[in-house]
Amino acid sequence: MKPLFIADKKLKFIYKQIQQQIGGEPKDGLNMGVQLKGTHINGHVHGISFSNTISYIKYKVSLKEDLAVKVKSAHPNSSLYFMYCNKGSFLHIKQHGNSCKKIYENQTVVLKAGKAGIRFIIPKNQTNDVTIVKFNPKGYLKKEKQWASNLHDFQPVFKILNENDDFSHYGNCNLKIAEIIEQIDKVKETGVLKNIFMEGHVKLLLAFLIQQYISDLRYDTNSFELSNLEIQKVKRISSAIKQSPEKSYSIKKLTSQYAITPPKLQKGFKLMFEKTVTGYIKNSRLEMAEEMIKKREYTISEIVYKIGFSSKSYFSKIFKEKYGCNPKDYQDNIKKSLKNNINEA
């Protein structure tokens, strides 16, 4: 097992440590990082920091030898680490007793480093894609003075900082977080514009990670009451609905087709999307309808039929609930906006 020790300071310093210990070529620009390529490792590590209070770092690697990582935090009593496993898995080593906890695909983790730091193992013979957001809550709120008076939502986060030493919370699966990370990966802008886009996306990601932690505490539910196989089935079902929301779905059909019980199916959707299966189908249809309205290729009546609704009035009602206006007004606003842009040009 190959060791990697990281003193957690500035990102540039972290990349230098990785290069010195396991090799790799530096990547420049706002999205700095290290390109890893060798006999035993292939992949990359990259990230970005904002105002010394939020850091985003992502590694995607394939290994031929397990990698034991130890992160020593420069600020163990003020920084939290929110981790999300996009693909593969990793093992978190608990400080007391040296026991390991396996973190699965799409699972969230919240860690406070403590004096001993954070230790985890990246396993070999698989692609491991993990996102880490380091957050300094007190420093962030001090910077954002206008929010400092409203700390109610942050109390569970501050409670972690008050722990005597290390802290670990193994959360539920959440596929919405995977979608946000995918949007971060797709940012193509350069220079200052890229920095603005990245900051917005990373703050949104952090908000969802905090929300997931608070939700775990509030509802005291565990997605790992579902087996890994059942979680993968829920993911396949949600993907099929997302790709073709206009099709006719029923709980009976889905449970029969994917060999999963109705309670497990509903529990999976509630935990991963905070929606029932029916609610997820309805939301997917509305998102498809919005895209069709934007393209202006069909009338509202045609769109209603094509996305699988039978009632135009019902569609208008739920569309307004989601987007703040009825479909016709939404369409007219797009036409008006395009006309104004043409006139200004």
Worksheet item: Which one of the conditions (1) under 26 Å from S239 (Cβ atoms); (2) open to solvent by 50 Å² or more (accessible area, probe 1.4 Å); (3) assigned to a helix (DSSP H, G or I) does Q155 fail to meet, given that it meets all the rest?
Response: (1)
Worksheet item: Quick one: in region 257-290, which of the residues that are of a type in the set (V, I, T) and open to solvent by 30 Å² or more (accessible area, probe 1.4 Å) is farthest from N326 (Cα to Cα)?
Response: T261
Worksheet item: What is the residue count in region 8-29 for residues that are open to solvent by 20 Å² or more (accessible area, probe 1.4 Å) and outside any helix (DSSP H, G or I)?
Response: 9
Worksheet entry | Residue list for region 291-345, filter: among the polar types (S, T, N, Q), at pLDDT 90 or above and either open to solvent by 100 Å² or more (accessible area, probe 1.4 Å) or assigned to a helix (DSSP H, G or I) (or both) | S301, S313, S316
Worksheet, complete the sentence: Inside region 47-92, the number of residues satisfying the requirement of being crowded, with 19+ Cβ neighbours inside 10 Å, assigned to a loop (DSSP other than H, G, I, E, B) and touching a helix residue (DSSP H, G or I) at 6+ places or on another chain (Cβ under 7 Å) is 1
Discussion item. Give me the residue from region 189-247 that is without any contact (Cβ under 8 Å) to a residue 12 or more places away in the chain and acidic (D, E) and, out of that set, surrounded by the most Cβ atoms within 10 Å (Cβ to Cβ).
Written reply: E189
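The values are calculated or read from the model by the stated rules, or taken from the named source; none is laboratory data. In this text the structure is predicted, and so the values were computed from the model without any measurement. Cβ sites come from the backbone with ideal geometry, for glycine too, and all protein chains shown count toward neighbours. Keep in mind that these areas ignore ligands, DNA and RNA; they rest on the heavy atoms of the full protein, side chains included. Shrake-Rupley method; radii C 1.70, N 1.55, O 1.52, S 1.80 Å.
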